[in-house]
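Before I ask anything, here is the structure I am working with.
The values are calculated or read from the model by the stated rules, or taken from the named source; none is laboratory data. Quantities reported herein were computed from a predicted structural model and do not represent experimental measurements. Cβ: placed from backbone, ideal geometry, glycine included. Neighbour counts: every protein chain shown.
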Amino acid sequence: MLKNRFLFLITILCLGIFQGSLFFAEEISSDAAERFGKEVRKHWSTEIPLDESAMKQTGIRRLESKHLILYTDLAASKQVDELPKLFDQLIPLLCNYFELNPQNYETFKVEGFLINDFEKFKSGGAVRQVPNLRNGYALRCRIWVRNQDSEYYRRHLLLHEGVHAFMGYAFGFWGPPWYREGIAELLGTHRLENENLTHGYFPKSRNELSGWGRIDLVRDDFMKHHDKTINDVFELESEDYNENTAYGWSWAFAVFCENHPRYKAAFRQTAWKLNGTPADIAKRFLELLIEKIRSEQPEWNEQEIIEHLNNDWTDFITNLDYDYDFERTRIDYKPNTQPLLTSETQFQIQADKGWQHSGVRLERGKTYCFTASGRFQLAEKPKIWYSEPNGITLRYYRGIPIGTLLATLIPDREERFSAKEGTLGIGFSAPQKIGLGKVLTAEVSGELFFRINDFPAELSDNTGNITVKITAP
């Protein structure tokens with residue numbers, strides 16, 4: 001039921017978090033976060049010293065840079081021996097991301113263990129804190145990483161655990177699983193070109209980040225109807241991360257927030273106050289998000305903001321793919337949507353955009369006639385492909401010819417609790433084919449959206465538009 005997609009977040013509103021809540025009574029800033037982190041560090045346990053001579057006897061090497069001491073039993077190689085210098089590049093990037101003064105982290109240093117043969121590390125006390133290490137783990141300023149067959153994924157795990165260590169040091173807390181793993185996945189996903197590190201990288205193809213596979217994990221879950229609402233992501237628990245699928249969903253939510261201008265600031269600033277229960281952090285994120293959006297678009301109330309957040313997330317996970325075009329797929333909502341008051345109305349739908357808000361509201365039980373016309377470009381290489389609203393049957397996206405005009409209704413708030421999820425033409429995950437024309441009776445009352453069917457990574461070479469007419473007999 002669509003009810004499940006909205007109930008949790010709307011319940012938060014009903015709890016009165018916007019009426020002088022505790023969270024906004026406290027300062028939320030990078031400076032305050034650093035002061036809090038410094039106080040927490042005063043109570044850290046003293047690390048048990050390592051017996052480096054015993055480690056050396058088992059063939060463990062020590063590599064050191066400004067911010068990382070790395071112990072490993074892997075043979076010397078360029079890929080392994082340059083890992084500490086790569087780690088050094090991460091720290092100023094994290095300072096910039098979290099708006100922290102890099103001078104405060106000049107002496108920040110992590111002890112890392114890159115492990116091929118776990119038994120070797122038992123000598124010297126290197127793994128006494130992680131007897132059941134699966135892939136990676138962080139504790140205060142120590143991180144452990146199992147060696148991987150993929151050179152990329154080995155680096156990814158090292159950077160992922162490095163993000164944990166940095167955040168623990170800077171802020172005193174990592175936050176709940178959905179946040180700490182999501183942001184570590186986001187910032188650990190990287191590109192290395194000419195030895196220069198780019199973090200927060202979104203892959204352009206499946207083969208680009210060997211061993212990573214987060215997009216495929218989320219897509220597989222979606223195709224099996226195991227997709228997660230935002231509430232589902234918030235409720236992920238530590239044991240869920242025994243499977244990589246949970247990392248995939250946390251990454252997906254983080255990259256969604258990071259690449260959407262309405263949600264980016266709130267997601268980043270959540271790091272500035274991570275103490276509290278998982279429910280506290282979810283509330284805090286939503287408070288920050290709503291405060292930011294209301295300052296820019298005061299015509300939206302809290303419930304509308306939450307509804308847009310849910311709709312945007314549903315569209316994102318429905319179409320998630322490599323080289324996803326965040327800019328062109330962004331949904332721009334029109335205020336004051338009105339019923340179709342005249343017998344006919346028309347508007348333009350652009351070929352190079354995702355879902356486009358018509359500004360029209362259809363009413364349950366009423367019948368509407370849609371007609372569409374126009375010729376537009378869908379591709380320019382290896383040659384230009386032109387299409388009309390019925391689409392091109394030489395290529396399909398989500399089982400529908402590319403270029404096909406699609407429509408969907410987002411139900412009014414009072415109808416969401418009765419609308420059946422998956423009903424054709426209701427919600428962004430179940431669009432209705434319009435093509436050149438169709439007569440439809442509205443299953444629910446709601447706002448009307450249109451788009452041209454195409455891959456989310458292939459919108460940039462589209463040009464032109466479709467003229468859509470709607471008549472209400």
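Restricting to the stretch 446-473, name every residue that is among the polar types (S, T, N, Q), crowded, with 18+ Cβ neighbours inside 10 Å and not in a strand (DSSP E or B).
Asn453, Asn462
If you don't mind, another one. Here is a check on your reading of the model: is Leu187 touching a helix residue (DSSP H, G or I) at 6+ places or on another chain (Cβ under 8 Å), assigned to a helix (DSSP H, G or I) and either surrounded by fewer than 18 Cβ atoms within 10 Å (Cβ to Cβ) or free of Cβ contacts under 8 Å to residues at least 60 places away in the same chain (or both)?
When the stated conditions are applied, Leu187 does not pass them.
Could you please let me know if Thr441 is among the hydroxyl-bearing types (Ser, Thr, Tyr), modelled with pLDDT under 95 and in the same structural domain as Ser358 (by TED's automatic domain parsing)?
For Thr441, the condition - among the hydroxyl-bearing types (Ser, Thr, Tyr), modelled with pLDDT under 95 and in the same structural domain as Ser358 (by TED's automatic domain parsing) - is met.
While we're on this one: Note down all Cβ pairs under 6 Å where the first residue falls in the stretch 338-363 and is within 11 Å of Phe449 (Cα to Cα) and surrounded by 19 or more Cβ atoms within 10 Å (Cβ to Cβ), the second is hydroxyl-bearing (Ser, Thr, Tyr) and modelled with pLDDT of 90 or more, and they're at least six residues apart or on different chains.
That search, which allows pairs on different chains as well, returns Gly354/Thr329.
Related question: Please find, among Lys85, Lys56, the residue that is assigned to a helix (DSSP H, G or I), touching a Ser or Thr at 6+ places or on another chain (Cβ under 6 Å) and either aromatic (Phe, Trp, Tyr) or surrounded by 14 or more Cβ atoms within 10 Å (Cβ to Cβ) (or both).
Lys85
Against the condition touching a Ser or Thr at 6+ places or on another chain (Cβ under 9 Å), at pLDDT 95 or above and assigned by TED's automatic domain parsing to the domain that holds Ala54, how does Phe108 come out, does it pass?
no
Which of the residues spanning the stretch 127-170 are at pLDDT below 95 and β-branched (Val, Ile, Thr)?
Passing the criteria: Val127, Val130.
I'd like the full set of residues that are outside any loop (DSSP other than H, G, I, E, B) and either surrounded by fewer than 19 Cβ atoms within 10 Å (Cβ to Cβ) or at positive phi (or both), limited to the stretch 121-136.
The answer is Lys122, and nothing else.
Next question, about the same structure. Which one of these is without any contact (Cβ under 8 Å) to a residue 24 or more places away in the chain and of a type in the set (S, T, N, Q): Thr393, Thr404?
Thr393
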